[in-house]
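Have a look at the structure below before the remarks.
The values are calculated or read from the model by the stated rules, or taken from the named source; none is laboratory data. All values reported here derive from a predicted model rather than from experimental measurement. With ideal geometry, Cβ positions are generated from the backbone for all residues, glycine too; neighbour counts draw on all protein chains shown. These area figures cover heavy atoms from the full protein model, side chains too; ligands, DNA and RNA do not enter into them. Shrake-Rupley method; radii C 1.70, N 1.55, O 1.52, S 1.80 Å.
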Amino acid sequence: MADNLVIVESPGKVKSIGKFLGKGYKVEASVGHVRDLPKSQIGVDIENNFEPKYITIRGKGDVISKLKKEAKAAKKVYLATDPDREGEAISWHLANLLNIDDGQKCRVSFNEITQNAVKSAIKQPRKIDMDLVDAQQARRVLDRIVGYKISPLLWKKVKKGLSAGRVQSVATKMICDREEEIDNFVSQEYWTIISRLAKPKVSPNFEAKFYGTENERLELSNEEQVNSILKEIEKSQYIVKKVKEQEKKRAAAAPFITSTMQQEASRKLGFTTKRTMMVAQQLYEGVEIKGHGSVGLITYMRTDSTRISAEAQSEAREYISKKYGQAYIPQTPKVYKNKSASQDAHEAIRPTYIDMAPDDIKDSLSAEQYKLYKLIWSRFIASQMSSAVYDTVSADISAGRYIFKANGSKVKFPGFMVLYIEGRDTEGSSDEERDEEENNNLPELVQGDVLELKKNTPKQHFTQPPARYTEATLVRSLEERGIGRPSTYAPTITTILSRGYVIKEKKFLLPTELGKIVNDIMKKHFVDIVDAEFTAQMENELDAVEDGEKPWKDVMKDFYSSFAGVLKQAEESIGDVEVPEEISDVICDKCGRNMVVKHGRFGKFLACPGFPECRNTKAIVEEAGVLCPLCQGKVLYKKTKKGRKYIGCERNPECSFMSWDMPSNETCSVCGSFMLKKSSGRKNELKCSNEKCPSNSEDTAKKTK
């Protein structure tokens, strides 16, 4: 029997930490929380100063019995749960169950699972931080009261299975508000004029954009205005009036925090927030690496700080020097400023071992682990590299009394861009302008140069409504408003999707009719709960508890004093609400009724409105608009259980046709079947959907860029 017992949260950490500590230490896992509020009741004694009633979580009996047995036999027990509020609370519950004295130094925490970090933590145990525990208790009790007081009201007035919550209700409101903005948006017409110009005897041509006059910028709002300008400058000379050359620098993005990792994984990898956090947890806890055993590859993934350790910074600079050269190391190490609301409890998310480059250990990682690890590793190394340097040129070009502007740039020194460039959610104006500059190669222009007009291109545009939220942009907006914390983003989005308040179409989040109804009730009767500023202020209150500035029960008293009255008034004033059903044109083949659209865990499906007498359900089929090359049946879009999209024949399983490749608008010139778009690197290969077609031979495959 080992003298020392170390208790961690996840079984995934047991092997990694056990390897570092060696003999004399036994590592066991609590497998998350061991005690919590009961599910069957509110579990908070509101009349008795908000005292929580904790119970042992069902199914944890065997785990707790084992931990008690091991703790009794050990001389020293170390509680090594995750280094955050939740982890601190789990350690506190474990200490209570194992009868560990409150004043005992039993708590150890580490930001990364490496030999140095683990051994250093074991040498410096501390008392359980009750401020952290109380902050977690305050959040848990607050969310429990909101959920268990409002949810039954929604069940009674709307339908069973609904829920409300501080952060989820605000997130739902944000999505509903955005949809309302889109519905109410009035598009405005505007025009641009692009002149393609050339310097005589010099190539290539370049573009200049209409600006206005020397004194003011002119907005082009209609075709008549544009035609008038084009007629006026029809015979004008295009003369370079002013040229400005300068050097610009572009700095690397900061290393990841939780929210930026979720956003970038969504943009570049197509990961949901839930999937990102699941894979990040695996990388943090430890992965079996050939020749190294179980290795924790990244630091703790729930953080809002861009701070990194001096040791990690030094290792990164040394790696950059060896790999890219001295020019790629900034004179002084890069330090990134945290946002004002940042708790700065942990470092930024970074690799624990710089020399474990993603491609070197690719064979030991799953596809998802490799993609996310490469993203984290590259982002961190790039964050410590020199800025990119551009030579930029801007020119004012006159045509009569009007001015056209041409901008161009070329990379003088790539800096961090040799490794990593941050993604973006939407084509914002600044991004578009930067792309235009980088793609517009200007010849050497001198004031007084007379240019040759090749073509004037007027173009009509219409202003676009704001884009719907994606998971990435919702997380960014929640963070910017101070709503939620790193640990809450993924569960919040998961909840509003699972409740059917929001659905995802492609990558965009749309409110359902049910979501709109619940949001309307919350806006009318629970103004504070769905108010972004109020919710952000509550987060600040919880931070104050963590900092030891305010007792957690005082926070609860302040909140409940107004909430109780609002709740009572809502119970009296909310009438019964009917959720309209979306009726389809599909007839139930068992009872003849028109089937209705329902929202389930895996998206939309059809159900008979005669439930429970008739329990018939059907999948909603989406036709691909092409015919099966084998039997001429309809080809349908389908999904696997894991959500991967493919196409297959409606007559499956009688007809075996299926393909992971998507249909194109082209038909095969040989057999007439539709063509498939097969991705190959950055190119799309078109191949016939009929496998037996002669055009599918390697020599005749048609390729397009």
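VAL63 falls short on exactly one of the conditions (1) closer than 23 Å to ILE145 by Cβ; (2) open to solvent by 20 Å² or more (accessible area, probe 1.4 Å), and that condition is (1). With respect to the conditions (1) crowded, with 16+ Cβ neighbours inside 10 Å; (2) under 25 Å from VAL586 (Cα atoms); (3) in contact with a Leu (Cβ under 8 Å, 6 or more places away or on another chain); (4) at pLDDT below 90, GLY648 lacks only one, and its number is (4). Within segment 404-435, restricting attention to residues that are modelled with pLDDT of 55 or more and in a helix (DSSP H, G or I), which residue is most open to solvent (accessible area, probe 1.4 Å)? Selected residue: VAL418. Within the option set LEU445, LEU542, being modelled with pLDDT under 95, open to solvent by less than 20 Å² (accessible area, probe 1.4 Å) and closer than 30 Å to ASP131 by Cβ holds for one residue only, LEU542. What residue, among those in segment 15-27 that are open to solvent by less than 40 Å² (accessible area, probe 1.4 Å) and not in a loop (DSSP other than H, G, I, E, B), is nearest to ALA73 (Cα to Cα)? Among those residues, the one meeting the criterion is VAL27. Only residues that are open to solvent by less than 30 Å² (accessible area, probe 1.4 Å) and closer than 19 Å to ARG350 by Cα: list them for segment 98-110, please. Of everything in segment 98-110, just one residue is open to solvent by less than 30 Å² (accessible area, probe 1.4 Å) and closer than 19 Å to ARG350 by Cα, namely PHE110. The residue that is most open to solvent (accessible area, probe 1.4 Å), counting only those in segment 657-674 that are at pLDDT below 90 and of a type in the set (S, T, N, Q), is ASN665. If you filter segment 188-201 down to residues that are of a type outside the set (D, E, K, R) and open to solvent by 60 Å² or more (accessible area, probe 1.4 Å), you find that the one that is modelled with the lowest pLDDT is PRO200. For the structure I just gave you, tell me whether ARG140 is of a type outside the set (Asp, Glu), in a helix (DSSP H, G or I), touching a Pro at 6+ places or on another chain (Cβ under 9 Å) and open to solvent by 30 Å² or more (accessible area, probe 1.4 Å). Against the criterion (of a type outside the set (Asp, Glu), in a helix (DSSP H, G or I), touching a Pro at 6+ places or on another chain (Cβ under 9 Å) and open to solvent by 30 Å² or more (accessible area, probe 1.4 Å)), ARG140 qualifies. Of the residues making up segment 675-705, those that are part of a loop (DSSP other than H, G, I, E, B) and modelled with pLDDT under 75 are GLY681, ARG682, SER697, ALA701, LYS705. Among the residues making up segment 13-46, those that are closer than 19 Å to ILE90 by Cα, of a type outside the set (D, E, K, R) and free of Cβ contacts under 8 Å to residues at least 60 places away in the same chain are VAL14, VAL27, ALA29, VAL31, GLY32, PRO38. What residue, among those in segment 165-187 that are outside any helix (DSSP H, G or I) and out of contact with any Phe, Trp or Tyr (no Cβ under 7 Å at 6 or more places or on another chain), is nearest to ILE521 (Cα to Cα)? The residue in question is GLY165.
In segment 351-370 there is at least one residue matching the filter, namely being in contact with a Ser or Thr (Cβ under 6 Å, 6 or more places away or on another chain) and either open to solvent by 10 Å² or more (accessible area, probe 1.4 Å) or more than 30 Å from LYS248 (Cα to Cα) (or both).
Number of residues in segment 79-97 that are open to solvent by 10 Å² or more (accessible area, probe 1.4 Å) and either over 27 Å from GLU539 (Cα atoms) or assigned to a helix (DSSP H, G or I) (or both): the value is 5. Whenever a residue of segment 206-221 is touching a residue at least 12 places away in the same chain (Cβ under 8 Å) and hydrophobic (A, V, I, L, M, F, W, C), its partners that are in a strand (DSSP E or B) and open to solvent by 60 Å² or more (accessible area, probe 1.4 Å), lying with C-beta atoms within less than 7 angstrom and at least six residues away or across chains, give the pairs ALA208/LYS405; LEU220/TYR190. Looking across segment 382-403, the residues that are of a type in the set (A, V, I, L, M, F, W, C) and in contact with a Lys or Arg (Cβ under 6 Å, 6 or more places away or on another chain) come down to ALA388, VAL389.
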